[in-house]
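First up is the structure itself, then whatever we jot down about it.
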Amino acid sequence: MLAVLGSMKGENSREERRSKEEKRSREERRLIEERRLIEEKRLIEERRLIEERRLIEERRLIEERRLMEEKRLIEERRLIEENRLMEEKYFMESLLSVEKAKCKEFERLIPGFIARKLDFPTLSGFYEHWEACDECKEELSIQYLVREGMQRLEEGSAFDLQSELDQRLEEARRKINSHSAFLYLGMTMEIMVSCLLVWVFVWILL
Ligand SMILES: [Zn+2]
């Protein structure tokens with residue numbers, strides 16, 4: 001009886017141990033699974049953070065590049081504008097110096113004009129500048145009044161120098177016009193003669 005009881009007791013305690021062990025191992029598996037899940041979540045979160053940082057960095061780089069490009073464009077436009085202004089200034093200066101040189105040349109020719117000593121091309125240039133430049137118009141009037149006025153005072157004759165000057169300019173204009181017409185006529189004649197010669201040449205050949 002005792003032996004039976006003893007063996008039963010032994011059986012019971014074995015059963016108990018077994019179930020305890022099972023429970024322990026279940027608990028262990030649960031813990032392992034739990035840790036695994038935690039680790040997985042941690043990894044996912046880490047990856048998410050890395051991706052987020054990557055995106056932020058990417059956006060920062062894009063923005064940086066955009067700003068640099070903008071700066072470059074602004075600088076480029078500034079340089080173009082600067083160049084344009086420089087060129088404009090240079091052009092105006094050279095134009096001004098050319099005009100000044102023309103005025104000086106005009107002034108130098110005034111005595112020759114008054115003395116009717118200018119040849120045709122010079123007279124033509126002189127008249128052209130006179131038409132275009134108010135300052136030189138005034139200069140010519142003054143010099144004409146002074147030079148001719150002194151002469152007339154010495155001679156003691158009556159005079160209207162301004163209308164005399166106007167007449168002289170009109171005379172120059174007519175001279176230029178007739179000269180141009182003459183040149184044109186000459187050119188036309190030359191062309192006609194050339195045509196005639198070609199025609200005669202062709203006629204002889206045929
Ligand atoms: Zn002038």
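The values are calculated or read from the model by the stated rules, or taken from the named source; none is laboratory data. This is a predicted model, so every value here is computed, not measured. We place every Cβ from the backbone using ideal geometry, glycine too, and count neighbours over all the protein chains shown. We work out accessible area using only protein heavy atoms, side chains counted, and drop any ligands, DNA or RNA first. Shrake-Rupley method; radii C 1.70, N 1.55, O 1.52, S 1.80 Å.
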Is there any pair with a first residue in region 176-195 that is within 24 Å of G125 (Cβ to Cβ) and a second that is surrounded by 10 or more Cβ atoms within 10 Å (Cβ to Cβ) whose Cβ atoms are under 8 Å apart and which are 6 or more apart or on different chains, and what are they? I176/F120; I176/L123; I176/S124; I176/Y127; H179/F120; H179/S124
Output the residue which, of all residues in region 134-157 that are within 16 Å of the ligand (Cβ to nearest atom) and open to solvent by less than 70 Å² (accessible area, probe 1.4 Å), is nearest to I114 (Cα to Cα). Y144
Only one of (1) closer than 30 Å to G125 by Cα; (2) open to solvent by 100 Å² or more (accessible area, probe 1.4 Å) is not met by R48, so which one is it? (1)
Exactly one condition in (1) away from the ligand (no atom under 16 Å from the Cβ); (2) in contact (Cβ under 8 Å) with a residue 40 or more places away in the chain is false for L169; which is it? (1)
Quick test of your reading of the structure: K102 fulfils all but one of (1) away from the ligand (no atom under 16 Å from the Cβ); (2) open to solvent by 80 Å² or more (accessible area, probe 1.4 Å). Name the failing condition by number. (1)
M8 - would you say it is open to solvent by 100 Å² or more (accessible area, probe 1.4 Å), over 30 Å from C136 (Cα atoms) and of a type in the set (A, V, I, L, M)? yes
Does K89 fit the bill of being open to solvent by 100 Å² or more (accessible area, probe 1.4 Å) and either of a type in the set (A, V, I, L, M) or modelled with pLDDT under 95 (or both)? no
Residue match in region 50-64 (condition: away from the ligand (no atom under 16 Å from the Cβ) and under 28 Å from the mean Cα position of the chain (by Cα)): yes
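So that you can scan it fast, the table gives a plain yes or no per residue for (1) open to solvent by 60 Å² or more (accessible area, probe 1.4 Å); (2) more than 16 Å from the ligand (Cβ to nearest atom):
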site	(1), (2)
E82	yes, yes
L95	yes, no
R108	yes, no
K117	yes, yes
P121	yes, yes
G125	no, no
